[in-house]
Amino acid sequence: MPDYDFFVGVDWASQAHEICVLNDAGVVVDAGPVAHSGAGMAELRARLDRLTADPSRIAVAIETPHGAVVDTLLAHGSHVFAVNPKQLDRFRDRHTVAGAKDDRRDAFVAADAVRTDRWAFRRLQPEDPRLLELREISRAYEELVAEQGRLANRLREQRQRFYPQVLTLCPAADEPWVWTLVDRLPTPAAAAAAAGRARGRVVRALLAQHRIRRLTAEEVHHVLTAAALPVAPGVTEAATAHIALLVPRLRLVHEQRTHCERRLDVLLTALTTPAADAEQPEHRDVTILRSLPGVGRVVAATMLAEATRPLAARDYQTLRAQAGVAPVTRQSGKTRLVAMRHSCNSRLRTAVFHWAGNSIRLDDRCRQHYDRLRQRHSHARALRGVADRLLRILVAMLTAGAVYDPGRPRMRAA
């Protein structure tokens with residue numbers, strides 16, 4: 001563990017960050033706020049330069065492990081450590097038990113904690129710019145998927161009010177061709193009029209445009225022209241007006257989601273070749289990760305974006321904890337309780353859950369492992385067991401530099 005001459009605590013804020021600098025004896029040598037601006041970051045670097053000519057002799061503790069302050073400190077050459085807010089709260093009890101919250105005290109507590117117990121904190125490293133973009137796009141994609149689901153649910157509820165026949169064609173109302181259908185034929189009267197024009201040319205063209213082959217124009221018209229629900233006057237007009245507002249938003253979200261999918265493919269392909277000035281092994285990790293059964297575009301992007309450090313360190317225990325796969329054991333005296341882990345990365349948990357679900361459909365060994373666990377546990381618990389096995393295999397593959405080969409008992413070299 002390297003030795004440091006100065007220890008800096010940063011209490012992050014939106015307008016001004018409180019800074020406290022201690023020497024190796026724990027004496028405050030500098031303290032005061034730094035504005036969250038370009039001039040403020042330049043001032044922070046100048047204050048650190050006045051301490052020592054070697055920035056690697058400075059250890060910095062900060063609760064927020066990202067942002068302009070962290071980027072400034074890493075570019076300066078200081079060693080930055082991430083302090084969990086709960087850890088900082090426990091270290092605060094060393095100095096006061098009053099429970100008062102003070103930014104200057106928090107900066108001092110962070111600096112003192114990294115001075116005495118820096119082994120308990122994670123040191124931050126500069127990240128590959130491509131991984132930063134991958135993380136941002138994968139999170140935006142997740143938000144767009146959730147937004148499309150919310151809008152589609154609202155569309156489905158409006159159709160249920162007066163015209164539920166359309167929902168027999170697409171119960172979730174989440175397909176683009178259905179949005180076009182309800183836009184062109186919003187009411188039962190409009191559908192009846194279209195049925196008589198040139199044998200349903202409108203619906204036939206719509207199905208051809210969206211390449212829908214599971215339905216014919218006659219089947220669609222048969223559904224649309226079924227007896228309508230009796231509704232009060234004004235209900236049809238009100239629901240139709242609401243739907244007219246939902247459909248453009250659904251199309252926009254779907255277009256943005258498609259753009260994110262394409263961008264994720266581009267970034268994953270770019271990560272298969274190392275950057276000219278990078279020494280990180282992520283380019284090999286992409287190939288190895290995507291060789292596993294059940295890993296698609298979204299799962300691979302989420303794993304690489306949300307579990308960057310455990311994957312780079314080949315840390316199986318940290319990876320399974322962050323993914324929510326590792327159980328939590330509470331034991332006291334004769335009582336021992338093993339429960340599901342709730343404190344984890346929710347995005348990573350969702351990705352690993354879908355990965356496990358896909359793998360039991362695509363891989364015989366995963367299916368056999370699931371069936372064995374299912375005899376003693378619930379479906380969710382069995383899936384966590386499958387995910388745990390997959391993470392263990394992934395870390396072993398990353399360590400060995402091998403890709404997954406289901407036809408052989410051993411992995412072949414990458």
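Annotations for the structure displayed:
- In region 76-92, the residues that are within 24 Å of residue 50 (Cβ to Cβ) form Cβ pairs under 7 Å with partners that are open to solvent by 30 Å² or more (accessible area, probe 1.4 Å) and aliphatic (A, V, I, L, M), at six or more places apart or across chains, as follows: 80/74.
- Evaluated against (1) at pLDDT 85 or above; (2) more than 30 Å from residue 270 (Cβ to Cβ), residue 192 falls short on exactly one condition, (1).
- Odd one out for residue 103 among (1) touching a residue at least 24 places away in the same chain (Cβ under 8 Å); (2) open to solvent by less than 60 Å² (accessible area, probe 1.4 Å); (3) over 20 Å from the mean Cα position of the chain (by Cα): (2)
- Screening residue 108 against (1) touching a Phe, Trp or Tyr at 6+ places or on another chain (Cβ under 8 Å); (2) more than 30 Å from residue 268 (Cα to Cα) leaves a single unmet condition, (1).
Each row is one residue, and each column tells you yes or no for (1) more than 30 Å from residue 130 (Cβ to Cβ); (2) outside any helix (DSSP H, G or I); (3) open to solvent by 60 Å² or more (accessible area, probe 1.4 Å).
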position: 206; (1), (2), (3): yes, no, no
position: 226; (1), (2), (3): yes, yes, no
position: 236; (1), (2), (3): yes, no, no
position: 256; (1), (2), (3): no, no, yes
position: 260; (1), (2), (3): no, no, no
position: 266; (1), (2), (3): no, no, yes
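- You will find that of 362, 337, 394, 348, the residue that is over 19 Å from residue 307 (Cα atoms) and either at pLDDT 95 or above or under 27 Å from the mean Cα position of the chain (by Cα) (or both) is 362 and no other.
- Qualifying residue in region 56-67 (condition: part of a helix (DSSP H, G or I) and under 16 Å from residue 9 (Cα atoms)): yes
- Pairs where the first residue, in region 370-381, is free of Cβ contacts under 8 Å to residues at least 60 places away in the same chain and the second is assigned to a helix (DSSP H, G or I) and open to solvent by 60 Å² or more (accessible area, probe 1.4 Å), C-beta under 8 Å, 6+ apart: 373/381
- Just one of (1) under 22 Å from residue 237 (Cβ atoms); (2) at pLDDT below 90; (3) surrounded by 12 or more Cβ atoms within 10 Å (Cβ to Cβ) fails for residue 179. It is (2).
- Just one of the listed residues (127, 157, 136, 219) is out of contact with any Pro (no Cβ under 7 Å at 6 or more places or on another chain), part of a loop (DSSP other than H, G, I, E, B) and among the charged types (D, E, K, R), namely 127.
- Enumeration of residues in region 345-381 that are among the hydrophobic types (A, V, I, L, M, F, W, C), farther than 21 Å from residue 321 by Cα and surrounded by fewer than 19 Cβ atoms within 10 Å (Cβ to Cβ): 362
- Hey, residue 140 touching a residue at least 60 places away in the same chain (Cβ under 8 Å) and in contact with an Asp or Glu (Cβ under 7 Å, 6 or more places away or on another chain) or not: no
- Checking residue 150 against (1) at positive phi; (2) at pLDDT 90 or above; (3) out of contact with any strand residue (DSSP E or B) (no Cβ under 9 Å at 6 or more places or on another chain), the condition it does not meet: (1)
- Subset of region 114-168 (residues that are open to solvent by 20 Å² or more (accessible area, probe 1.4 Å) and small (Gly, Ala, Ser)): 120, 140, 146, 149
The values are calculated or read from the model by the stated rules, or taken from the named source; none is laboratory data. In this text, all values refer to a predicted model and were calculated from it rather than measured experimentally. Please note: Cβ atoms are built from the backbone with ideal geometry, for glycine as well, and neighbour counts cover all protein chains shown. Accessible surface is based on the protein model in full, side chains and every heavy atom, while ligands, DNA and RNA are left aside. Shrake-Rupley method; radii C 1.70, N 1.55, O 1.52, S 1.80 Å.
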